[in-house]
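Report on one structure; see the data block that follows.
Derivation of every value follows stated rules applied to the coordinates shown; laboratory data play no part. This one's a predicted model, so the numbers in the text were calculated from it and none came from an experiment. Positions of Cβ are backbone-derived with ideal geometry, glycine not excepted, and every protein chain shown enters the neighbour counts.
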Amino acid sequence: MIRIYQFFRGYLQVEAEGNHLEKLLNLALVNGIYLWDVKRLSKEKISFFVSNRGYRMMEEYAKKTQSSISVRSRKGAEVLWKSTKRRSVFLASFFIFIGLVLTLSSFIWTVEIEGGEFIDQKQITQKLASYGLGVGRIRKNFDLSKISNQLIQDFDEILWANAEISGTRLLITLVPRTKAPELIPKDVPTNIVAKKDGIIKEITAENGDAMVRIGDTVVKDQILISGLIPSPTVGSRYLHSIGAIRAVTWEERSMEQKLYRYDKVNTGRKSVHREVSLPFLKIPLDFRQTIDFYNYDSIIKEKTFLFLTYRETSYVEYTLEKHSITVEEAVKTATDMLLEQMSDTEAENVISKKASFEVLDEETLFVTLLLECEEELGVPKEIIKQSDIQ
């Protein structure tokens, strides 16, 4: 509390020099003068802090002890205020700048749409504007889950949506809806045909006549369940075929695979670029922004405080070293890559796989992967009546 009081009253940093410094300090103590941060600078010199009033009293005691005292610096609220007045323009500009940044950070300045290639993004931005979201709109407390659900309801092409506000950025993430195959109305006569070659494993005809049996080999577009029922009394009847056919099918995939691979080797060289991002401005903290190497990995670290983002990007150089691999490793690598190209539904159907290869040259194999699958084989196909043709 005494220090706070002295700050507002003002105080001095003083140096005293002489042969009777202990006597000078004792006189100050006996007469109630408060001294603090007393330091001995040499055998005949000390420094300390004292109030303005205390300094005037110590001038008298210095004469009595044949010592000299001098003011090294002035401290306190009055000095600070005078210093601030000299910098008033700077401080005013600083506070105006802070106020401007805080105001601008209350708005949305960028709108990003991820995964929206399947839809016109202009339609999305227009719809967001109708919700009160968009560039230049105030960043207030929106119900983002409600907005996400509204997007799903307003666009049939969207299966899932997520809206997120980060700083002054609005991020919309979209997942497209997979179109289901068009269903043929039940009043339209149909056959069920094979969508590819296969061997029948199970067949159930709920409506229509089964044209194949378990164990039969069928080819693409062959009729499996017929919707045309001949009748010697009433003539041919046309039905909408319904049934299920499970079959064993085959899928063949192939690719070229090299008998070597390139491995990353860290060289130890690194370039670090730092910057501070405001809602409307990026300020680099490093004069050199170029990268002196070609192959590198980038590592980004960010720290955000209110409207400021500190970003540090490290570029770590690596070289590529060529290493030979065995034929077995090359075939396995190609097999894994071919399997990764399959969709989840296709991968679920695989019951066995067999890989073979052909040598193209000293460094290249041609790998073929034969997949045995079990899947639903039948697809509906409309029957065109003779009367419709005429």
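The ellipsoid equivalent to the alpha-carbon distribution of the chain has semi-axes of 87, 33, 17 angstrom, derived from the gyration tensor eigenvalues as √(5λ) and listed largest first.
Could you give the length gained by full extension between Phe305 and Arg213, i.e. 0.36 nm per residue of separation minus their alpha carbon distance, to one decimal place?
Numbers: separation 92, 0.36 × 92 = 33.12 nm, distance 7.10 nm.
Stretched fully, the Phe305-Arg213 segment lengthens by 26.0 nm.
In terms of packing, defined here as the mean over residues of other Cβ atoms within 10 angstrom, the peptides 292-303, 203-214 line up highest first as 203-214, 292-303.
For Tyr131 and Glu117 in the same chain, what is the full-extension length gain: residue separation times 0.36 nm, less their Cα-Cα distance, in nm?
Values: separation 14, 0.36 × 14 = 5.04 nm, distance 2.15 nm.
Length difference between fully extended and current span is 2.9 nm.
How high is the FRET efficiency from Ile351 to Phe287, r the C-beta distance, R0 41 Å, rounded to 0.05? Walk me through the intermediate numbers first.
Numbers: r = 62 Å, r/R0 = 1.52.
The value I calculate is 0.05.
Mind checking the full-extension length gain between Glu358 and Phe94? Use 0.36 nm per residue of separation minus the Cα-Cα distance, one decimal, nm.
Details: separation 264, 0.36 × 264 = 95.04 nm, distance 7.26 nm.
In short, 87.8 nm is gained.
Could you pull out which residues in region 304-330 have an amide N less than 16 Å from a spot 7 Å beyond the Cα of Leu278, following the Cα-Cβ vector? What the label zone holds, given the 16 Å backbone N cut-off, is 305-311.
Based on the Cβ-Cβ distance from Glu202 to Tyr238, what FRET efficiency comes out when R0 is 45 Å, to the nearest 0.05? Please report the intermediate quantities before stating the final value.
Values: r = 26 Å, r/R0 = 0.57.
Computed FRET efficiency for Glu202 and Tyr238 comes out at 0.95.
A crude spin-label estimate for the pair Trp109 and Tyr34, with each label 7 Å from Cα along the Cβ direction, gives 4.8 nm. Positive-end ranking of Ser298, Gly378, Asn207 along the dipole of the chain, with charges on Cβ about the Cα centre, is headed by Ser298.
Over region 268-319, the alpha carbon radius of gyration divided by the compact-protein estimate 2.2 N^0.38 Å works out to 1.25.
Which entries in Lys195/Lys353; Lys146/Lys303; Lys354/Lys381; Lys258/Lys354 show an alpha-carbon gap greater than 24 Å? Don't skip to the answer; put the middle values down first.
Details: Lys195/Lys353 21 Å; Lys146/Lys303 29 Å; Lys354/Lys381 33 Å; Lys258/Lys354 19 Å.
Result: Lys146/Lys303; Lys354/Lys381 exceed 24 Å.
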